[in-house]
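The values are calculated or read from the model by the stated rules, or taken from the named source; none is laboratory data. Remember, predicted model here, so these are calculated numbers, not experimental data. No Cβ is skipped: glycine too gets one built from the backbone with ideal geometry, and neighbour counts run over all protein chains shown.
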Amino acid sequence: RKISDLWELNSLGINDPSEKKSKLELHDLALKQFENTVLRDDEGRYIDSIPWIEGNEKLEDHYSSAKGRLEKTLKFTGRLFDYEQAPEHLEKAAEELKDSMYVDNCVVSVDSSEELESFQKDSTELLTLGKFDLRGWRHSDIESNFDFQDNQQKYDPQEIQVLGLIRNVKEDTFSTSYKETESKEEVTKRRILSLAHRIFDPIGFTCPITLILKLLIQECWKLEASWDSKLPVDIERKFETWKK
């Protein structure tokens with residue numbers, strides 16, 4: 001193609017009004033096209049050919065990009081296949097891993113320290129076969145002296161963080177990490193929504209707390225407040241009370 005084609009109307013399918021066919025001509029062309037493309041077989045079923053533009057340029061070859069996408073898809077979906085092809089002595093760990101992966105965490109329950117040590121050893125060995133590094137192990141048995149050898153950094157043995165929550169294994173409680181520095185910014189709809197989304201809780205344990213912010217957002221919508229405008233005093237007071 002020439003550069004001049006970029007501003008030629010004909011290349012965009014826009015023709016001069018004088019070149020346009022009348023409705024009657026278009027009607028005749030449509031009937032002729034229908035007669036030439038629609039057939040009826042011996043069983044009475046209609047067969048319609050696929051419309052195709054004649055003289056169109058040859059389609060580009062997308063083999064390399066399709067191959068790359070397929071390989072990337074197989075890389076992620078192939079993990080379950082690797083579990084099924086696990087060696088015999090790792091079959092139990094493979095079965096537990098199938099139901100224990102949540103995002104990038106592996107969460108599993110065992111009945112004893114011996115089972116814990118065995119699962120840690122077997123699952124690490126199994127995932128190593130697929131070039132996956134399973135590390136950062138933690139357990140909730142505070143009475144056990146068992147410790148994982150791969151943990152090189154210090155941590156609080158009473159706290160375990162998983163799926164956005166912090167579990168205190170001694171008190172058997174759940175909490176969430178939330179830090180809000182003192183700010184002189186005005187209380188706006190944008191700020192309330194931003195703080196509401198800082199609390200990551202896919203399980204929903206913190207709903208009684210985060211619901212308050214969502215209700216405040218609802219009040220803002222009813223008032224038709226803009227994103228950065230100062231909110232009424234009563235909403236601001238409720239927000240400050242929630243922060244405390």
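Going by what's in this entry, would residue 123 be described as modelled with pLDDT of 85 or more and either in contact with a strand residue (DSSP E or B) (Cβ under 8 Å, 6 or more places away or on another chain) or within 30 Å of residue 242 (Cα to Cα) (or both)? Please lay out each step first, then the result.
On the way: modelled with pLDDT of 85 or more: yes; either in contact with a strand residue (DSSP E or B) (Cβ under 8 Å, 6 or more places away or on another chain) or within 30 Å of residue 242 (Cα to Cα) (or both): yes.
Yes; evaluated as a whole, the condition is true for this residue.
On the given criteria, is residue 241 modelled with pLDDT of 85 or more and surrounded by 15 or more Cβ atoms within 10 Å (Cβ to Cβ)? Quick ask: steps written out before the conclusion?
On the way: modelled with pLDDT of 85 or more: yes; surrounded by 15 or more Cβ atoms within 10 Å (Cβ to Cβ): no.
No.
Taking residue 230, is it among the charged types (D, E, K, R) and not in a helix (DSSP H, G or I)? So that I can check it myself, show each step before the final result.
Numbers: among the charged types (D, E, K, R): yes; not in a helix (DSSP H, G or I): yes.
Yes: the conditions hold for residue 230.
Consider residue 107 carefully, then state whether it is under 30 Å from residue 194 (Cα atoms) and modelled with pLDDT under 80.
no
Among the residues of the range 224-244, what is the count of those that are of a type in the set (A, V, I, L, M) and free of Cβ contacts under 8 Å to residues at least 12 places away in the same chain?
The qualifying residues number 1.
Which residues, counting only those in the range 94-124, are among the aromatic types (Phe, Trp, Tyr) and either surrounded by fewer than 17 Cβ atoms within 10 Å (Cβ to Cβ) or under 15 Å from residue 163 (Cβ atoms) (or both)?
102
Name the one entry in 235, 217 that is assigned to a helix (DSSP H, G or I), surrounded by 12 or more Cβ atoms within 10 Å (Cβ to Cβ) and more than 26 Å from the chain's Cα centre (by Cα).
Details: 217 fails: more than 26 Å from the chain's Cα centre (by Cα).
The unique qualifying residue is 235.
Restricting to the range 103-146, name every residue that is in contact (Cβ under 8 Å) with a residue 40 or more places away in the chain and within 22 Å of residue 158 (Cβ to Cβ).
If the condition is that a residue be in contact (Cβ under 8 Å) with a residue 40 or more places away in the chain and within 22 Å of residue 158 (Cβ to Cβ), then 105, 107 are the ones that fit.
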